[in-house]
Amino acid sequence: MKNETVDTIYARYEAGKDIFIDVRQPEEWEDGVIPGAKKIMLAELPEHLSALDKDATYVMVCRSGARSGRATQAMRSEGFSDVTNFDGGMLSWYDEGHPTV
């Protein structure tokens, strides 16, 4: 599994080429979400996979990196080839003062 930390993830965010998917719970989204990220709870991810492009580049996001790691593995097992886990998650994003909506 490909894991990247906040500095690399922020550079990818600024490049604007990746699709960010935030797999946290709705109450966690209220604390702030990476601008442009799709919000799909981890438990609901399987039912959304058929609507996602398997050839796109994804960055999976959660609070700390554990749930997004599970989401990354699930997507890879379904044939998504370019999926990265945001190791450190939103906790590290908030710590760096990066933008949220």
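The values are calculated or read from the model by the stated rules, or taken from the named source; none is laboratory data. Keep in mind the model is a prediction, meaning the values are calculated, not measured. No Cβ is skipped: glycine too gets one built from the backbone with ideal geometry, and neighbour counts run over all protein chains shown. Side chains are part of the model used for accessible areas, which takes the heavy atoms of the whole protein and leaves out ligands, DNA and RNA. Shrake-Rupley method; radii C 1.70, N 1.55, O 1.52, S 1.80 Å.
At-a-glance table
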{"read-out": "GNM top mover of 87, 22, 55 - the chain, alpha-carbon springs below 10 Å", "value": "55"}
{"read-out": "Length released on extending from residue 78 to residue 1, taking residue separation times 0.36 nm less the Cα-Cα span", "value": "26.3 nm"}
{"read-out": "Dipole magnitude (debye, nearest 20) for region 9-76, charges at Cβ of Lys, Arg, Asp, Glu", "value": "280"}
{"read-out": "Crossing angle, helix 6-15 versus the chain [Cα axis fit, 0-90 degrees, rounded to tens]", "value": "80"}
{"read-out": "Kirkwood-based Rg to Rh ratio, the chain, C-alpha trace", "value": "0.92"}
{"read-out": "Accessible surface of the chain [probe 1.4 Å, protein heavy atoms]: carbon and sulfur percent", "value": "45"}
{"read-out": "Crossing angle, helix 66-77 versus the chain [Cα axis fit, 0-90 degrees, rounded to tens]", "value": "30"}
{"read-out": "Mean separation of Cα contacts under 8 Å (6+ apart) over length of the chain, as relative contact order %", "value": "36"}
{"read-out": "Per residue value of the accessible surface for the chain (all protein chains in place, 1.4 Å probe), Å²", "value": "52"}
